1. Based on the mean of other Cβ atoms within 10 Å per residue, sort peptides 48-55, 642-649 so the most packed one is first.
2. Relative contact order for the stretch 442-540 using alpha-carbon pairs under 8 Å, separation at least 6, rounded to a whole percent?
3. Give the peptides 115-125, 206-216 in descending order of average Cβ contacts within 10 Å, highest first.
4. Over the stretch 508-712, calculate the relative contact order: mean separation of alpha carbon pairs under 8 Å at least 6 apart, over the residue count, as a percent.
5. Any chance you could give the angle, 0 to 90 degrees and rounded to 10, that helix 626-646 forms with the longest Cα principal axis of the chain?
6. Rounded to the nearest 0.05, what FRET efficiency do residue 42 and residue 313 have when you use their Cβ-Cβ distance and R0 = 60 Å?
7. Roughly speaking, what is the stretch gain from residue 619 to residue 320, that is 0.36 nm per residue apart minus the C-alpha to C-alpha distance, in nm to one decimal?
8. As I understand it, the value is the acute angle between the Cα axis of helix 166-175 and the longest principal axis of the Cα atoms of the chain; what does it come to in degrees, rounded to 10?
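Rule-based calculations on the coordinates, nothing more; no lab input. Remember, predicted model here, so these are calculated numbers, not experimental data. Glycine also receives a Cβ, built like all others from the backbone with ideal geometry; neighbour counts cover every protein chain displayed.
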Ligand code: NAI
């Protein structure tokens, strides 16, 4: 699905007839991408009616007029305007009806796909009779509907399994995946792969052959194994059983859409396509008005808005980064380097104290490219080209032409200021210096700079290649263009970027602080590690707070906790006792050392190490009730988020919620901590927090922002 802006006047669907073939082109004038709206549907129907009646037309070739997009999906604005399940069901049934006419069109239709072909766009292509796609990286084909809490409701749940088999179809539909053209071709989603310049010609040729009576022969993919898996009823039952189990494991039952999609597919295969379509539309209707879908759509809109947000008012356009300098080729530096090359295709120059470390850093950066090659996200040719972009040394040679330099050296003010001074001597006059610090104020680092206006924070999360968020932190003297440059480059690295105030913990670590801190209190009161983690997971977090501490590294966590307590000691108070420091002293640093709260073997978490309780000086004996554990973890975080928003740490509730979802996996179906607060209502939260404060201390005292919302009956989101 995609958004459609103002109304159009020029027709979106045009066609020409030559030699018995109608070439139809879809091009929504004034829009970046094609989307299917009601108006477009009407034009489609009029076009196909005219072509059906025209005896000179024997077949149709369908193309997009956009340079890099086929059809991005159905118009999401129309979708959000739906107010009842019945209305949504009708929208789905209308779409099915239109595509049914396409599928039964008396003359064959071949489509030529270049660019994204998603959701309703792919459902349209599925209804056509032959699919040609370009083998270009921009060509992405799939059914991402479940990511918006709905299902493919225009026949996708019926036609895809019939084309590629139940297993492959479920794999795509239930995860809301899209695939590059080569994979789509292997799976049988498209019939032919071509280079972009000959797409139109090949599509036209296919239409001609179809007009002459030729029909593509489609083999069932996967041979005997494929047949055993889903070519026979028993195998198919097993496929559905497995898929259902996996969905429940992945979603914890919090997301209804994948299960509903599974039902739509299964029902259709059992009762035939017509019954399947009816069930698909019904389920679409039910899902469209769920709270989960609403939340996921809000996140979709928020991320889209953020993609266009320069992050700062009245900024001159960003400097285009072609050469990136990285100082410190350790864990984070190499992650940033590899991701920058893979995503933004920039020339990267790394520097570290000695050549051995640089070599190690380059290898680690290269591992990110190796992974992409292995997953066939890039070709061997692209791989060779990208690897050649990585270089490094133990001097600043090459930094003289870097528009942007990011440091990821040790977390010490002195070291960071030192490298800043050194590199500033060689940077170009307009070069930007960014620090990846997680705890040091950017303004402090910038005190060492000759040009503090070009110093900024770019706080990446680990592992850099996988974590989708980037916090950009202007210091007190940072100029707007430095901000827009950092934001634009972060986006080119594929990150969702929020601009955050230069205050301790920035946004993500700030709101995580009370959540992680509460672990100590809960353990001291006799809660078990498993109980704490499992309550958070049940709420929808990807991992619980204890596991999170192990992942971050307990040494790092202590450092961050120290900074947070110094800054916010009035309300972030550590539990009495030995605390995590005792674990670090015993050599337990978390996953990276194989032992933290949990034990790790061969990269896998193996369970709690009971001796941890002894080291911490606590005894699990039931502890607080599960509901209270959860309340303390979550409301502590919500309280801090509200307080930090009030201080202006993030620009808006939108940025705060997106930061929490993409930064540490706050459950998307709850919309983020501030959206969640709105759902609970400030009054109720304040009452609950006051009660917790009475029993457990001032750290739970509700912040002024929440009190004000409770008094006025207002919300974070208007
Ligand atoms: P690391 O220890 O893996 O890497 C630091 C690298 O900097 C080492 O290779 C070291 O040799 C090099 N280095 C130290 N002094 C240098 C100098 N004067 N010139 C050149 N190179 C020098 O550390 P890591 O984990 O990569 O952290 C780097 C920075 O990123 C720190 O500021 C940390 O707070 C921040 N950070 C770390 C995260 C994490 O999860 N590890 C997450 C977000 C930020």
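1. Working: 48-55: 13.1, 642-649: 19.2.
My ranking of the peptides, most packed first, is 642-649, 48-55.
2. Details: 110 pairs, mean separation 20.7, N = 99.
Normalised by residue count, the contact order of the stretch 442-540 is 21 percent.
3. Values: 115-125: 28.5, 206-216: 16.5.
Descending packing order for the listed peptides: 115-125, 206-216.
4. Values: 292 pairs, mean separation 50.4, N = 205.
The normalised contact order for the stretch 508-712 reaches 25 percent.
5. With both axes taken from Cα atoms, the answer is about 90 degrees.
6. On the way: r = 41 Å, r/R0 = 0.68.
Computed FRET efficiency for residue 42 and residue 313 comes out at 0.90.
7. On the way: separation 299, 0.36 × 299 = 107.64 nm, distance 5.65 nm.
Contour length minus the Cα-Cα distance gives 102.0 nm.
8. Rounded to the nearest ten degrees, it is 50.
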